[in-house]
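Below you'll find the structure, written out as structure tokens, and then a few comments.
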Amino acid sequence: MRNFSSDFRRLVRSLMIVTAITLGTSGMVSGQGAPADSTQAAGAAAPAAGGSAVNGDPVAGEALYKANCTSCHAINKRVLGPALAGINQKYNDEAYLIKWIKNAPAMVASGDERAVKIYEEYNKAAMTPFPQFSDDDVRNILAYIQVEGDKKPEATATGGTAGGGEGSADTGVSNFMIIGLIAVILIAFLVILVLNRVIATLERLLLNKGEAILAEEDEVEEEAKDKFAGLKRMAKNKKLVFFVVLGLVVLLASFGTVEMWNTGVHTGYQPVQPIKFSHQLHAGTNQIDCQYCHSGAWKSKNATIPSLNVCMNCHKYVQATEKYDGEISPEIKKIYTALDYNPETQAYGDNPRPIEWVRIHNLPDLAYFNHSQHVKVAGIDCQKCHGPIETMEEVYQYSPLTMKWCINCHRETEVKHEGNAYYDKVIAAHDQIKKGEKVTAAVLGGLECGKCHY
């Protein structure tokens, strides 16, 4: 304890020296903070380069542009349509641009030379007409395009200077910080003084009552020995040992039974897929029917995984550029990469490769399940087995898909045979049995190929 007290006092002296150095350094730093403000003010006062020569309101044009133009255009990059930066200087004809934006297909149909050239250059993809725009609306959009197009060079040319100004402004130390630092040091000094007095008091108590503490430690050691002896006596009790062993056997057998029973059951299984396809967006928000992608569920044993050509029916044009600042969605880019598709030229290459999807729902080879029998004949919804698929951002296995689960479903589900042509032969066979007529396996569908060959 005395060694600890002396170490503590040395620590106090070191802390006082550090405090004095810190206060001196803080004063020096506070004196150096003034030039940063002047640098920041100079940076803020620097006028922005460039500007727009287009008559229009860029603020109003921004709202119109983002609501109507971002699905096909970007300011500095070609998407489905050309990049729009510099379009005002390129054409230098406001009346022509207003006429083009309001009704581009009509200009192409009229044989306008420039309109037809653009139409041919972009694979004859007609621009959507906007007859609802007034001339002022179009001027506002052109003004916004001019302002956004001028921002890129400015950011590149002045980025280093602006960054330096901000870095200088961050080095200033406010008076509030200095006062707070002094207050913390004073409080710490007071706490150290109090602790020093407490340590001195504890030292005196230990010197006066050292023998009493040693006696108490001896008593504690004796008690510990007595408890250990009690455990030895319990170990000699055969009945107690028998019930403890029996309980362990029952507990281990229960855990083992549960684990073996759940072997092969993958409820909640949710692997990471190569593309983050959202069923919530497609089946939920956009309400796309399940059979549009999984067409096999209606006519065959397997539901089938849709080919990427099905994806391209929409995503050749839908690229979600409005959510990624004019860039194509990273997940949609994965589709383009797999198909070796160039979105700018809209041409396919010679090096496509399949997407390696991870299977989620697995049945053992001994089990036969036919999707069309359940979806088309029985009219069962996909959600009966796959759960609320329209709410899943990432698909997981909802049902256990065990034999018990299937049997319970077959016991509880009522067969809807009225107006269902599939059951006409079964009903006719029952009528023949009631009349005492001969019923062969062929009458019950025994000649169907699928009964044996699947």
Vicinal HN-Hα couplings computed from phi for region 365-372 (Karplus, 6.51 cos²θ - 1.76 cosθ + 1.60; Hz; Gly/Pro x): 4, 6, 9, 10, 10, 10, 5, 4
For region 293-376, the Rg and Dmax computed from alpha carbons only, in angstrom: 16.7, 51
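Counting Lys and Arg as +1 and Asp and Glu as -1, each charge on the Cβ, what is the dipole of region 61-157 about the Cα centre in debye, to the nearest 20?
Numbers: 12 positive and 13 negative charges, 65 e Å.
Roughly 320 debye, rounded to the nearest 20.
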All lysines inside 26 Å of Lys236 as judged from Cα atoms, apart from same-chain residues fewer than 8 positions distant: Lys225, Lys227
Spin-label pair Lys232/Tyr317, simplified geometry with 7 Å Cα→Cβ offset, distance in nm: 9.0
Farthest positive-ward along region 402-454 dipole, Cα basis, beta-carbon charges - from Cys452, Cys409, Ile427: Cys452
Amide proton proximity set for Tyr341, modelled H, under 5 Å, gap of 5+: Gly349
Cα-based equivalent ellipsoid of region 402-454: semi-axis lengths in Å, sorted from largest, via gyration tensor: 24, 17, 11
Heavy-atom accessible area ranking, 1.4 Å probe, most first, across Glu148, Glu414: Glu414, Glu148
Interchain or long-range residues, amide H under 5 Å from Ala83's placed H: Arg78
Residue-by-residue Karplus 3J(HN,Hα) for region 232-248, coefficients 6.51, -1.76, 1.60, Hz, glycine and proline x: 5, 5, 5, 5, 7, 7, 5, 5, 4, 4, 4, 5, 5, 5, 4, x, 5
Computed magnitude of the charge dipole of region 258-369 (debye, nearest 20; Cβ of K, R +1, Cβ of D, E -1): 280
When each of Lys333/Lys376; Lys66/Lys276; Lys151/Lys316; Lys323/Lys384; Lys316/Lys451; Lys276/Lys416 is checked by Cα-Cα distance, pairs over 32 Å: Lys333/Lys376; Lys323/Lys384; Lys316/Lys451; Lys276/Lys416
Span per principal axis, largest first, for the Cα atoms of region 337-445 (Å): 72, 31, 28
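The values are calculated or read from the model by the stated rules, or taken from the named source; none is laboratory data. What you see is a predicted model, and the numbers here were worked out from it, not measured in a lab. Heads up, the Cβs are rebuilt from the backbone with ideal geometry, glycines too, and the neighbour counts pull from every protein chain shown. Calculation scope for accessible area: heavy atoms of the full protein, side chains included, ligands and nucleic acids excluded. Shrake-Rupley method; radii C 1.70, N 1.55, O 1.52, S 1.80 Å.
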